[in-house]
1. Considering every residue in A:256-267, what mean count of other chain Cβ atoms within 10 Å of its Cβ is obtained?
2. Put +1 on the Cβ of every Lys and Arg and -1 on every Asp and Glu Cβ in the protein assembly as shown; which of A:THR387, B:ALA42, B:SER57 then has its Cα farthest towards the positive end of the dipole?
3. Taking each pair of different alpha-carbon atoms in segment A:28-179 once, compute 1/r for the pair, average those values, and report the inverse of that mean as the Kirkwood hydrodynamic radius in Å to one decimal.
4. Given a Förster distance of 51 angstrom, what is the FRET efficiency for B:ASN29 paired with A:ASP34, based on the Cβ-Cβ distance and rounded to 0.05?
5. Taking the Cα centre of segment B:90-246 as origin, sum charge times position over the Cβ atoms of Lys and Arg (+1) and Asp and Glu (-1), and report the length of that vector in debye to the nearest 20.
6. With unit charges on the beta carbon (Lys/Arg positive, Asp/Glu negative), name the residue among A:ALA107, A:GLN186, A:TYR83 whose Cα is farthest towards the positive pole of the charge dipole of segment A:52-213.
7. Take the alpha carbon atoms of segment A:102-221, find their radius of gyration, then divide it by 2.2 N^0.38 Å using N residues; give the quotient.
8. If Lys and Arg each add +1 and Asp and Glu each add -1, what is the summed charge of the other residues whose beta carbon sits under 10 Å from the beta carbon of A:LYS302?
Amino acid sequence: MSNVSIDAMKTMKINIHFLSVLLFALVGCEINQDEIKPEDGFMKIYNHPDEQLAFFPESLVQMPDGGYIFIAAVKDENADIEYPYTSLTRISPSGEIAWTSEYDWLAPTSKLILENGSLGFVAMDPQFDAYVVSVDPGSGSVNGQYALDISMPLYAYSDAAGNLVVLGYDYVTHSSWISKYNSSYQLQRSNQLPINTDLEYLVQRHLNKTGQDYPFFVGEYSNSSGSGYFVNCFYNYTLRTVFLDGSSLSATGDIYSFQIEEGISSVIQKSGSIFGLTSYYEGNNYIIAAAEIDVLSSGNIKDLPADPLYQLTYKAPVMAGSLETETDPFTLFLSQTNDNSLLIYQYAMENDSLLNTHIRKFDEGVEVCDFIQTADQGIAVLASIFTLGKYRRPLVLKLTPDLFVPEE
Amino acid sequence: MRKKAIILSILLALVMDQAAHAQEPGFLNQLRIGFGGGVNFAQIVDLEPYSIYEDLSGASYTNDYSDIFQNLGSQYFVQIEWFYKFFVVVLKPGTYTYRFSKHSEILFNNETVEEEIPYLLRYFSVPLEVRYNLDLQRFRPYAGGSVAYSHLLPSLDASNETFIRSKFTAGAVAGTYIDLRYIILDLNAGYRFGLHNITSKADRFETGSGETYAQDDIMLNGLQINLSILFSLQKQKQYSNVECFY
């Protein structure tokens, strides 16, 4: 063999070695996405082909199998009854529809009630009488109904002890009506907060989705002053947050604003007497990430130092809640902006530090309706979106836990 | 980041290694360098469909992709060849652009809204081909296999973010060299098989760029037709009747 051939062979061996190493290096670059599962994060828009239906999502719960059920009020343009009927939809952990069911109960409000494997919601009959309707979460069939002896239900809240607290409006006495029921839906205590003016028409328009959507809500607090509930409702001419004693449901304190044109849009107890609030007044939205609130006294919302949120929509609905992670607890405020974005403010639980702002932009208008912490320590957001800019439809957005864990 | 740095270091070391070997006698004589370009036709394989829309009335939404010969793309590359006897090892680093579109429908009672989402994926790709060629004097037909690593280049197209950056392909090539003495033409066709799903599972859903959709898990295959011009660094072969003296 000539020297030239031997040199060529050597060169070829070197180059084969080079190519092998190059290939090995390149193959090592491949991104392994096997750990990302469809249920970790998804977005679904639940469309209905009937253009004359408008869906107003209300509440979302996660089921033990990882799937979800959400409730929506459905307004039909052609219906004889002006109030929206009720729709429940069960979806898989990755958002695909398992079943959907419709009910004649009107103007469903509030959080879904999930206890001991049973699902319930609060709605009213055509006579404005409120009921709890219990359904089988496996099929959506109705198991039972329980009269709540309260009219015009505006919000229902299931507390940590399993009691049901319902806010209604009494069109006879012109009062906000708060009732507490045990887990068997038996009345435990009731109280009426006089509004001193007739707001029935506004309440009707709120319920039938033709007027302003008022931020009625109920939550619970516990601190050294006692434990009880905070209820955002009409009281003494104004829309205000009233603190109620947990046993007697009597008002102990409140935060008020100007009449019913301004108000508090969300409240969360952070710790002790520290609360986080959002509000709207004078055409703007504001956030008070952490403020000391005395639940035993009455105060004006404007006396609390607030930061403006100019980007939010007019009188923006805001959902406040907590997120417990393996590292830290956080306070989340969810809302929507004028440029069709869904916005999540992530605050530290113990103070007013804004840790992160998460933005999800959409082509059409969105409105946040509810959110929950999921079993994997992410969150699931229920919102409505105007599909094609025209048709209001439910939207579920599941966000992964790593979004909320601060980078080291 | 760390992994990229390691890979870049390895590549740099190998390039320096090759540069050192390039000084060895005989290496340059077996090297051909040139450039080329061509067209490609992307073929999308839908591994698993996803839809951002679910229908509350029970209807289902489907997606489909434009046919292969509607997806005309292009590529431009530098071609570096090293040959030994009947084997040729070819590197063709360059810009490879793929086009295709996705069609979907949103159903309503009185209207069906059709969405067509165009995609333009521009990769910096480094294909490596090994060819076996026959020496038929002026024409040297060949066949071989290829592997390629491609990196998706950034673009202003928001849908670009729904794809992962790297793409691996394997393929088969066939063609012929046409020896024109001072230059060599390389006319070839190849089919590249995508080796993995290129959709970013974490960024599948796109909502704020004028289109609202969920990206399916897809593989990007493609038919390529290329023409290259190569310059040999060795003495030219003699095929004509006119004698040349060097």
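Quick note: the coordinates plus some simple rules give every number you see, no bench work behind them. All values reported here derive from a predicted model rather than from experimental measurement. Cβ coordinates were reconstructed from backbone atoms using ideal geometry, including for glycine residues, and neighbour counts include every protein chain displayed.
1. Details: counts 0, 0, 0, 0, 0, 0, 0, 0, 0, 0, 0, 0.
Averaged over the peptide's residues, the number is 0.
2. B:ALA42
3. Details: mean 1/r = 0.0594 Å⁻¹.
After inverting the mean inverse Cα-Cα distance, the result is 16.8 Å.
4. On the way: r = 47 Å, r/R0 = 0.92.
Approximately 0.60, to the nearest 0.05.
5. Working: 15 positive and 17 negative charges, 237 e Å.
In debye, rounded to 20, segment B:90-246 gives about 1140.
6. Ranked along the dipole, the leading option is A:GLN186.
7. Working: Rg = 13.9 Å, N = 120, 2.2 N^0.38 = 13.6 Å.
After normalising by residue count via 2.2 N^0.38 Å, the value is 1.03.
8. Numbers: positive: none; negative: A:GLU262, A:GLU282, A:ASP303.
Surrounding charge for A:LYS302 is -3.
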